[in-house]
1. At 1.4 Å probe radius, can you tell me the per residue accessible area of segment 9-125 in Å²?
2. For segment 69-120 and segment 17-59, what is the separation of their C-alpha centers, rounded to whole Å?
3. What ³J(HN,Hα) values, in whole Hz, does the Karplus curve 6.51 cos²θ - 1.76 cosθ + 1.60 give for segment 55-71 when θ = phi - 60°, with x put for Gly and Pro?
4. What ranking, highest mean first, results for peptides 98-110, 114-126 when packing means the other Cβ atoms within 10 Å averaged over each residue?
5. Run the numbers for residue 39 and residue 93: contour at 0.36 nm per residue of separation, minus the present Cα-Cα distance, in nm.
6. Once the piece of chain linking residue 80 and residue 105 is laid out straight, how much longer is it, given 0.36 nm per residue of separation minus the C-alpha distance between them?
7. Going 7 Å from the Cα of residue 122 in the Cα-to-Cβ direction, what parts of segment 84-103 have a backbone nitrogen less than 16 Å from that spot?
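The values are calculated or read from the model by the stated rules, or taken from the named source; none is laboratory data. Just so it is clear, the structure is predicted and the values come from calculations on it, not from any experiment. Note that we place each Cβ from the backbone using ideal geometry, even for glycine, and neighbour counts take in every protein chain shown. Side chains are part of the model used for accessible areas, which takes the heavy atoms of the whole protein and leaves out ligands, DNA and RNA. Shrake-Rupley method; radii C 1.70, N 1.55, O 1.52, S 1.80 Å.
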Amino acid sequence: MSENSSPATNRISTYLMLIVLIVLALSIVALMLSVNAFIIGNEMIAGYLLLIGLIAMALSVYVLLQSRKRMARMKIEAPKVMTTIECKKCGFKNVREFQRGDFIFKELEDCQKCKDKMLITAIYKEVKEKEKVYGV
Ligand SMILES: [Zn+2]
């Protein structure tokens, strides 16, 4: 399904993931420093670091879950790419979902009717009526 999501949204989520991972790493560092401070005997600093670490970790996990939810929603809403296959001999037409490696004028399996080779004649994005109305 990766061909359905646009490269722009992929790049944004990659940046987001990077930031989340950095925050997560910093929170782990804060927790380790907190343990260190606790061992040394500086309980106040240990408490602060523990708090910072836990907040940062909770925040990054929250953002991660939210972005995953959003990405799942985007996947559902993404328009399907359709491929039209036509038989040049008898005009038999078939429409199916786009498959990796499809291109226009590619020869495919034999026609169901006349057993001649079928050709891909069109590849297009399926636009839903709702999207047309709201101009999305
Ligand atoms: Zn045919």
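1. Heavy-atom SASA per residue in segment 9-125 reads 74 Å².
2. 53 Å
3. Ordered by residue, 3J(HN,Hα) equals 5, 4, 5, 4, 4, 5, 5, 4, 4, 4, 5, 5, 5, 5, 5, 5, 5 Hz.
4. 114-126, 98-110
5. Full extension from residue 39 to residue 93 adds 12.0 nm.
6. Result for the pair: 7.0 nm of gain on full extension.
7. Correct set: 84-88, 91-98, 103.
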